[in-house]
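Just below is one structure, and these are the notes that go with it.
The values are calculated or read from the model by the stated rules, or taken from the named source; none is laboratory data. Please read all numbers here as calculations on a predicted model, not as lab measurements. So basically every Cβ, Gly included, is an ideal-geometry build from the backbone, and we count neighbours across all protein chains shown. All accessible areas refer to the heavy atoms of the entire protein, side chains included, with ligands and DNA or RNA removed. Shrake-Rupley method; radii C 1.70, N 1.55, O 1.52, S 1.80 Å.
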Amino acid sequence: MVRFAAHRLGILVLSLVGASVLVFGALTLLPGSPAQVILGTQATPQSVHHLTVQLGLDKPLWQQYFDWLHGMVTGALGTSYVSQLPIGTQIWQALQVTGPLVLLGLVIGLVIAIPLGLFGALLQGRATGAVLGAIGQVGLAVPTFVGGTLLIIVFAVEFHVLPASGFPEWSHPGSALKSLLLPAISLGVVEGGIISRYLRTSVLDLLQSDYLRTARMKGLSMGQALRRHGLRNAMLPLVTVGGLELAGLIVGAIVVENVFTLPGIGTLLLTSVNNRDLLVAQDIVMFVSGTVLVLNLLVDLSYRLLDPRLAGRS
Amino acid sequence: MSAQAEPAGASGPAAAVAGTAGSAGPEVVGGPAVGTRRRVRSFSLVAGGLIVALIIVTALVALIWTPYPALAVDPAGRLAGSSGAHLLGTDQYGRDVLSRLMSGARITLYTGFISVLVATAVGIPAGLVAALYGGVVGQAVLRLTDILYGFPALLAAIALSAALGASTTTAMIAIGVAYIPVFVRVTRANALGVLASEYVMAARAYGRRPWAIVRRHVLPNIATTIVVQMCLLFSLAILAEAALDYLGLGTRPPAPSWGSMLQQAQGYLHSDPALSLWPGLAVFVVVLGFSLLGDGLAELFDVRARR
């Protein structure tokens, strides 16, 4: 286990370094100087030179890279040259929208997935089971931005019960939650579809397992056998998939926030990309990919801890 | 088969393979050959096949004919509802929605195809190399795959678009690259299985070279798994492309990509909700079609390939 953890940690560090080099390189290797890109074609050579020095772009590449890395680690991210706001504060404020949105999406996804996957598999071969399986399949094909649009049409345009866009402060928790509900549902439907597929496969495997047959043979009813032996095993993939899908949800949130114009990480990223505010875009991409990579590591480790059978394999 | 009745598949051949499957990750395991399950899945195959065929035919027809030119603006006929002249109505510039959807099918298939091509053209050879050579080369390929794996495709595409500017090409390449690790892993895992078989050992024994073995034995044996994976990836790629177009980071307007059509229609959600529904429905149907087809093929070939 320790060896595996060390190995996985090594990969994480390599991945983070790889990602940082790619993200940094994408900005640095842009044709023309970044200062020129920021100021546009009308800029005088003097102002370009001034900004170049101000951004530290006259330093050697490796020093720029380590300065940036140092900022990422210490949280001193600098100031956006478009909005003139500190980048760290901007990201922190955006997280207060994206964080709750993602968690709410995961909860909704699980609420949808568990009954769908469980009963879809248990009732396999009956009409109900087939319908439940089909719902999962359909759910995962609904793009978040299509589901979101549909929800807006129904709940905001037709019935006026939930807001179509915008986000109040968290000082109004009720209306803040209301604003997050539709986006979280559009995220949750897709995730629910994906997770239910895993769960269904896992329960189907369980139903054909030898130990479940043994449990039945010694006289347990199907329900007892499932409760005592089966479901714990069948639920194991939920940890993996839940963790991996948390990463998927973060990326999905980027799209959904733009549908509902929520001031989260995704909107901040898109705005900065469109404004050529590359410093902010760079930091967000690095932050999100770092989060996803760490989540992947945690999932791998927890899976090992929960399933001792895997301990022997590398 | 019902859970309450007999222990599932206990007497059938399926019982022999049950419980061997890993819970996640693409592994090849003999699927259970239970009658009902097979029938349900062959529905996937037929439905998915029909949808995909319909989309392909639509895209081909759009090459030579659409009711109106997809870019033809008609200021007098803006935001018209459906009528005999315009079956699905017109958009905010008076362009025929049906014609734009048909041309959009062509763009969707093209971009999805290129993305999958990028992923397979790099991923399959890399996977074979990793399977054949255990040494430094194989390890290097695996480690690179590990690093790339788990980096979200959409994020990579957004970053690339930010750096290079939004275009169809950027989006296609970014999505293709992001899915390379999937193919490396699937190819390697399946190739290793074939390479360990007795007939490969026999081929080795009489001196066949590694790449000749790959061509004669490995590739034909892993082909079905690869095809299933390509189908599933196609649906994911289309989803990602549509999202990028929607965000304005992929195919740009006025080109009639479904994602950008939906994005533009959103300004008219209150007055003309149907305008948003059509492109959304189109993306949904195509994604569903390819994912059904992939599932159906997986069941047909006895491959377990769902992510």
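Those residues that are more than 9 Å from chain A (Cβ to nearest Cβ) and under 16 Å from residue B:103 (Cβ atoms), I need them from segment B:261-274; list them, please. So that I can check it myself, show each step before the final result.
Initial filter on segment B:261-274 (more than 9 Å from chain A (Cβ to nearest Cβ)): B:261, B:264, B:267-268, B:271-272, B:274.
B:261, B:264, listed by residue number.
Every residue in segment A:35-89 that is aliphatic (A, V, I, L, M), within 22 Å of residue A:271 (Cα to Cα) and open to solvent by 60 Å² or more (accessible area, probe 1.4 Å), please. Before the answer, list the steps.
Restricting attention to segment A:35-89, the residues satisfying the condition of being aliphatic (A, V, I, L, M) are A:35, A:37-39, A:43, A:48, A:51, A:53, A:55, A:57, A:61, A:69, A:72-73, A:76-77, A:82, A:85, A:87.
Then drop every residue that is not within 22 Å of residue A:271 (Cα to Cα), which leaves A:35, A:37-39, A:51, A:55, A:72, A:76-77, A:82, A:85, A:87.
Listed by number, the residues that qualify are A:39, A:76, A:82, A:85.
List the helices (runs of 4 or more DSSP H) that sit entirely inside segment B:145-223 and contain at least 1 residues that are more than 16 Å from residue B:118 (Cβ to Cβ). Before the answer, list the steps.
Values: elements: B:153-164, B:168-178, B:180-195, B:198-205, B:210-213.
Here the list reads B:153-164, B:180-195, B:198-205, B:210-213.
Kindly list the number of the only condition in (1) within 17 Å of residue A:187 (Cβ to Cβ); (2) modelled with pLDDT under 80; (3) among the aliphatic types (A, V, I, L, M); (4) surrounded by fewer than 21 Cβ atoms within 10 Å (Cβ to Cβ) that fails for residue A:295.
Failed condition: (2).
I'd like to verify a number: residues in segment A:117-149 that are surrounded by 20 or more Cβ atoms within 10 Å (Cβ to Cβ), within 7 Å of chain B (Cβ to nearest Cβ) and over 16 Å from residue A:195 (Cβ atoms), how many?
Residues flagged as surrounded by 20 or more Cβ atoms within 10 Å (Cβ to Cβ), within 7 Å of chain B (Cβ to nearest Cβ) and over 16 Å from residue A:195 (Cβ atoms) within segment A:117-149 amount to 6.
Pairs under 8 Å by beta carbon, first residue surrounded by fewer than 24 Cβ atoms within 10 Å (Cβ to Cβ) in segment A:186-211, partner acidic (Asp, Glu), six or more apart or different chains?
Partner pairs satisfying both residue conditions: A:194/A:245.
I'm checking my understanding of the structure. Among residues of segment A:165-183 that are open to solvent by less than 30 Å² (accessible area, probe 1.4 Å) and in contact with a Leu (Cβ under 8 Å, 6 or more places away or on another chain), which one is farthest from residue A:104 (Cα to Cα)? Before you say what the answer is, go through the steps one by one.
So the first thing to find is which residues in segment A:165-183 are open to solvent by less than 30 Å² (accessible area, probe 1.4 Å), and the list is A:166, A:176, A:179-180, A:182-183.
Filter again for in contact with a Leu (Cβ under 8 Å, 6 or more places away or on another chain), leaving A:166, A:179-180, A:182-183.
On the way: A:166: 17, A:179: 12, A:180: 8, A:182: 10, A:183: 9 Å.
Within segment A:165-183, the match that is farthest from residue A:104 (Cα to Cα) is A:166.
Among the listed residues B:242, B:237, identify the single one that is more than 12 Å from chain A (Cβ to nearest Cβ), within 19 Å of residue A:190 (Cα to Cα) and in contact (Cβ under 8 Å) with a residue 24 or more places away in the chain. Lay out the reasoning, then the answer.
Numbers: B:242 fails: more than 12 Å from chain A (Cβ to nearest Cβ).
Exactly one residue qualifies, and that residue is B:237.
Taking into account only those residues within segment A:218-231 that are of a type in the set (A, V, I, L, M) and in a helix (DSSP H, G or I), which is surrounded by the fewest Cβ atoms within 10 Å (Cβ to Cβ)? Quick ask: steps written out before the conclusion?
Looking only at segment A:218-231, we keep the residues that are of a type in the set (A, V, I, L, M), and these are A:220, A:222, A:225-226, A:231.
Cutting the leftovers down to in a helix (DSSP H, G or I) gives us A:222, A:225-226, A:231.
Working: A:222: 19, A:225: 23, A:226: 22, A:231: 15.
Going through the qualifying residues, I end up with A:231.
Looking at (1) at pLDDT below 85; (2) surrounded by fewer than 20 Cβ atoms within 10 Å (Cβ to Cβ), which is the only condition residue B:203 fails?
Evaluating residue B:203 over (1) at pLDDT below 85; (2) surrounded by fewer than 20 Cβ atoms within 10 Å (Cβ to Cβ) leaves (1) as the failure.
Conditions (1) among the basic types (Lys, Arg); (2) buried (at least 18 other Cβ atoms within 10 Å of the Cβ); (3) more than 7 Å from every other protein chain (Cβ to nearest Cβ), marked per residue:
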{"site": "A:233", "(1), (2), (3)": "no, yes, yes"}
{"site": "A:242", "(1), (2), (3)": "no, yes, yes"}
{"site": "A:260", "(1), (2), (3)": "no, yes, yes"}
{"site": "A:281", "(1), (2), (3)": "no, yes, no"}
{"site": "A:290", "(1), (2), (3)": "no, no, yes"}
